[in-house]
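S.K.: The structure is given below, and queries will be raised subsequently.
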Amino acid sequence: MMDLKIIEELLETIRNRKQFPKEGSYTNKLFNKGENGLVKKLGEENAELIKAFLVENDERMASEAADYLYHIIVALEYRGVPFEDVLNILRQRHA
């Protein structure tokens, strides 16, 4: 069984930054970019993941996937969509 505690910790940190902004926080910088800024950042991260998939090594792909997942979670939290909803959908689709 995989230990996914890091996802819970990441969610906690992102939610904490949303509720209690911290100066200099990258997460807060993303929240402050607003919807258009977050969409742009998601596009950039998606392009980096695709590039890693096509032409880079496995370590780089894993790194880019981690970046993309983080930015997806930030976007979800910005919109008020709990990551748990994503997990529930995955559970339903897997059943």
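S.K.: Is the stretch 63-74 home to any residue that is outside any helix (DSSP H, G or I) and either open to solvent by less than 60 Å² (accessible area, probe 1.4 Å) or of a type in the set (Val, Ile, Thr) (or both)? Steps first, please.
M.R.: Filtering the stretch 63-74 down to residues outside any helix (DSSP H, G or I) leaves none.
The answer is no; no qualifying residue exists.
S.K.: Restricting attention to the stretch 1-23, which residues are more than 17 Å from ALA65 (Cα to Cα), of a type in the set (A, V, I, L, M) and outside any loop (DSSP other than H, G, I, E, B)?
M.R.: ILE14
S.K.: If you don't mind, another one. Of the conditions (1) modelled with pLDDT under 95; (2) open to solvent by less than 40 Å² (accessible area, probe 1.4 Å), PHE31 fails just one. Which one is it?
M.R.: Unmet for PHE31, out of (1) modelled with pLDDT under 95; (2) open to solvent by less than 40 Å² (accessible area, probe 1.4 Å): (1).
S.K.: Also, quick follow-up: Kindly provide the set of residues from the stretch 13-72 that are aliphatic (A, V, I, L, M) and closer than 18 Å to PHE83 by Cα, ordered by number. Working first, answer last.
M.R.: Quick first cut of the stretch 13-72, residues aliphatic (A, V, I, L, M) only: 14, 30, 38-39, 42, 47, 49-50, 52, 54-55, 61-62, 65-66, 69, 72.
Of everything in the stretch 13-72, those that are aliphatic (A, V, I, L, M) and closer than 18 Å to PHE83 by Cα turn out to be ILE14, LEU30, LEU38, VAL39, LEU42, ALA65, ALA66, LEU69, ILE72.
S.K.: For the subset of the stretch 7-20 comprising residues that are over 14 Å from the mean Cα position of the chain (by Cα) and open to solvent by 100 Å² or more (accessible area, probe 1.4 Å), which member is nearest to VAL74 (Cα to Cα)?
M.R.: Result: GLN19.
S.K.: With respect to ILE72, is the statement that it is within 18 Å of LYS41 (Cα to Cα), β-branched (Val, Ile, Thr) and either out of contact with any Asp or Glu (no Cβ under 8 Å at 6 or more places or on another chain) or at pLDDT below 95 (or both) true? It would help to see each step written out before you state the result.
M.R.: Details: within 18 Å of LYS41 (Cα to Cα): yes; β-branched (Val, Ile, Thr): yes; either out of contact with any Asp or Glu (no Cβ under 8 Å at 6 or more places or on another chain) or at pLDDT below 95 (or both): yes.
When the stated conditions are applied, ILE72 passes them.
S.K.: Continuing with the same structure: Inside the stretch 75-84, can you point out the residues that are open to solvent by 70 Å² or more (accessible area, probe 1.4 Å) and over 14 Å from GLU12 (Cα atoms)? Before the answer, list the steps.
M.R.: Our first condition is that a residue be open to solvent by 70 Å² or more (accessible area, probe 1.4 Å); within the stretch 75-84, this holds for 78-79, 84.
The one that is open to solvent by 70 Å² or more (accessible area, probe 1.4 Å) and over 14 Å from GLU12 (Cα atoms): ARG79.
S.K.: When the stretch 34-55 is examined, which residues are found to be open to solvent by 60 Å² or more (accessible area, probe 1.4 Å) and either in contact (Cβ under 8 Å) with a residue 40 or more places away in the chain or out of contact with any helix residue (DSSP H, G or I) (no Cβ under 7 Å at 6 or more places or on another chain) (or both)?
M.R.: GLU35, ASN36, VAL39, LYS40, GLU44, ILE50, LYS51, LEU54, VAL55, listed by residue number.
The values are calculated or read from the model by the stated rules, or taken from the named source; none is laboratory data. As the structure is a computational prediction, the values presented were derived from the model and not from experiment. Using ideal geometry, Cβ is built from the backbone for each residue, glycine included, and neighbour counts are taken over all protein chains shown. In case anyone asks, the SASA skips ligands and DNA or RNA and just uses the protein heavy atoms, side chains included. Shrake-Rupley method; radii C 1.70, N 1.55, O 1.52, S 1.80 Å.
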